[in-house]
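Taking it in order: structure first as structure tokens, then the write-up.
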Amino acid sequence: MSGVVTVIESSGAEHGIGIEDDGQTLARAIWLSGVVPPPALCSGLGRCGACRVRFRRGTPEPCGADAAILGADAVRDGWRLACRHRPAPGMVVELPPPPSENRKRNVFAADGGPFRLAVDVGTTSVHWRLLDGAGADAASGQSLNPQMGAGSDVVSRLAAARTPEGRRRLQGLVLRLLHRLVSGFGVPVEELCVAGNTAMTAILLDEDVSGLAAAPYRLPEAGGRTVTWPGLPPAWIPPQPAPFVGGDISAGMAALLYGETPVFPFVLADLGTNGEFVLALDAERSFVASVPLGPSLEGIGLRYGGVADTGSVSAFTLGPLGLSASVIGGGAPIRICGTGYLSLIDVLLRAGFLDATGRLQERPTSPLAARLVRSVERGASGWSLPLPGGMALAGADVEEILKVKAAFSLALESLLDAAGLESRSLARVALGGALGEYVPGGALENLGFLPQGLRARTVAAGNTSLRGAALLLERPELRERLTRWSARCGLVDLTARPGFTELYMRHMVFG
Ligand code: FES
């Protein structure tokens, strides 16, 4: 079967999208077409509801997930989860408003060049900074990675890139974004530095990704070189130390090693759908490790999760009147970012509402917790705690965060073991990636992500990868030094640790 599905954007713009009989879902057909920007999807897990579309023609029978996520009224109104249905010729669907794109534009000085563009291509988001001749930001912005239609985690992205056609389709989506950026500034851009994790980099360079898809893992691209894409300025790709420790991490280390005065030993933890860790013993010697975290720290895949943006809850407090939320930019809460979930679970653990394994306390120890327990709703998919703004915390959300905690604390412990260090000898833990902007105070220590006593030495490092990419454009002489650093990194392979499963289970507790 092949044919066309008509997609109507909230602006009223209509597009015909070609479909093939290749078993893909309606969500993939729409958001991998490159015609409309994708929302933050949960990889078709049927949990986020971000793939909802309203059928005007060809409405399929609803499935269980449609009603569970969207509600009976919406289903009656023609709304369905596009990840749960197949496309068929003649279907006409309406899309909800697209995700916002943040773009900041400064006024250019007439003689401000040469201009260079630093780009951090994350699995979820793409961040960029246009630098003028003095190294200052001439413009900056971010948007969701246009490949999100293939799913929000690295595994689903690699699955979509396993054939040459699939890989080129994903590559084309990001190259189109780069073209749009470069041609939209109104000034010539001389050079790019594109820092991404190993999967994003391999896809961008159209390299075979099979070495990243199954053990024993192999690095498809060592980086540390200049590439050219048709119609774009030359792009420098930072070196990649290990199969899942990529150019985003080495660029981040450039920022920490050469962009400031480092105090050793320190840890850089870059938290995205993959957790990538570096333990730097000195300027030359480092251990690196990586661990899949899933997209939940980026708020994706959780029932009310979303990226940290205006309207996202970044912290919760519990008082006599119940739970209250701090919202980025003020106003009503519309979603919860990863930091907000960490803060919420911390509050609920300390109140005695949850136990260390993330389950509801049978006998809550405080009156506030007892009141929360009374408000809990129970259904076929488990318990759910109502939150401000009509949102809710599901038991399954807590479980997702607990898995992230186990992976995170195990990775950190393994790095310290490999170096023969104790956590108290660390001078600093720099957090980048999803938590880089909004580090939830003591929550990381209370929840057991970090060993006790590290709270005061933990800093929000912001987007180290983008900062490093900018530095490598400004000071190209650092590139060779960084490539040497990358080649000398020692990889700590977590899964090769004896008793890995038992170790992981031992870390599956909060606190
Ligand atoms: S519910 Fe469909 S992608 Fe998340």
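The values are calculated or read from the model by the stated rules, or taken from the named source; none is laboratory data. Source: prediction; values computed, not measured. Methodologically, a virtual Cβ is constructed for each residue, glycine included, from the backbone with ideal geometry; neighbour enumeration extends over all protein chains shown. What goes into the accessible areas is simple: the full protein's heavy atoms, side chains included, and nothing from ligands, DNA or RNA. Shrake-Rupley method; radii C 1.70, N 1.55, O 1.52, S 1.80 Å.
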### Theoretical gain in end-to-end length, THR357 to GLN24 [0.36 nm per residue, Cα-Cα removed]
116.2 nm
### Task
Work out Dmax and Rg for region 364-511 from the C-alpha atoms and quote the Rg first, both in angstrom.
19.9, 62
### Task
Run the dipole for the chain about the Cα centre, Lys and Arg Cβ at +1, Asp and Glu Cβ at -1, nothing else charged, and hand back the magnitude in debye, nearest 20.
680 debye
### Task
Name the residues whose placed amide hydrogens come within less than 5 Å of the amide hydrogen of GLY122, ignoring near sequence neighbours (fewer than 5 apart) on the same chain.
HIS127
### Task
Express the relative contact order of region 261-322 as a whole percentage, based on alpha carbon pairs under 8 Å and six or more residues apart in sequence.
22 percent
### Query
Any idea what % of Cα-Cα pairs in region 239-304 are farther than 13 Å?
64 percent
### Task
Output the relative contact order of region 102-237, whole-number percent, from Cα pairs under 8 angstrom with separation of 6+ residues.
23 percent
### Query
Can you list the residues, at least 5 places off or on another chain, whose amide H is less than 5 Å from the amide H of PHE115, using H built in the peptide plane?
GLU190
### Message
If amide hydrogens are placed 1.01 Å from N in the peptide plane, which non-local residues have theirs closer than 5 Å to the one on GLY275?
### Response
VAL291, LEU293
### Query
So for region 3-94, what are the equivalent ellipsoid semi-axes in whole Å, largest first, each being the square root of 5 times an eigenvalue of the Cα gyration tensor?
19, 14, 13
### Task
Tally the DSSP beta bridges in the chain and give the antiparallel ones as a percent, rounded to 5.
70 percent
### Message
Can you compute the label reach from SER423? Point 7 Å from Cα along the Cβ direction, backbone N cut-off under 15 Å, restricted to region 242-274.
### Response
267-269
### Task
Note the full-extension length gain between GLU477 and GLU260 as 0.36 nm times their separation in residues minus their Cα-Cα distance, in nm to one decimal.
76.5 nm
### Message
Test of the criteria: in region 257-350, which GluC sites (Glu not before Pro) are in a DSSP loop and have at most 16 other Cβ atoms within 10 angstrom of their Cβ?
### Response
GLU260, GLU284
### Message
Testing the spin-label approximation: label points 7 Å from Cα along Cα→Cβ at ARG374 and THR228. State their distance in nm.
### Response
7.3 nm
## Note on the structure
Rounded to one decimal in Å, the inverse mean reciprocal Cα-Cα distance for region 125-170, i.e. its Kirkwood radius, is 12.4 Å
### Query
When all alpha-carbon pairs of the chain are counted, what percent fall beyond 30 Å?
49 percent
### Message
At 0.36 nm per residue, and after removing the present C-alpha to C-alpha distance, how many nm does the segment from THR365 to ALA213 gain when stretched out fully?
### Response
50.1 nm
### Message
Let me understand region 102-237 better: what is its radius of gyration from the alpha carbons, and its Dmax, in angstrom?
### Response
15.5, 53
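Below 8 Å between Cα atoms, with a sequence gap of 6+, how large is the relative contact order for the chain in percent?
Answer for the chain is 13 percent.
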### Task
Can you work out the accessible area per residue across region 3-94, with the rest of the protein chains kept in place, probe 1.4 Å, in square angstrom?
44 Å²
### Summary
Rounded to one decimal in nm, the spacing of the 7 Å Cα→Cβ label points at HIS179 and GLU502 is 5.6 nm
### Task
Just the number, please: carbon plus sulfur as a percent of the accessible area of region 303-411, 1.4 Å probe, no ligands or DNA/RNA counted.
53 percent
### J(HN,Hα) series, region 127-135, from Karplus relation 6.51 cos²θ - 1.76 cosθ + 1.60, nearest Hz, glycine and proline x
10, 8, 9, 9, 9, 8, x, 8, x
### Task
Can you grab the distance from the C-alpha centre of region 269-319 to the C-alpha centre of region 140-162, Å, no decimals?
17 Å
#### Entry: Between region 1-25 and region 191-244, the Cα center-to-center distance that results, in Å
31 Å
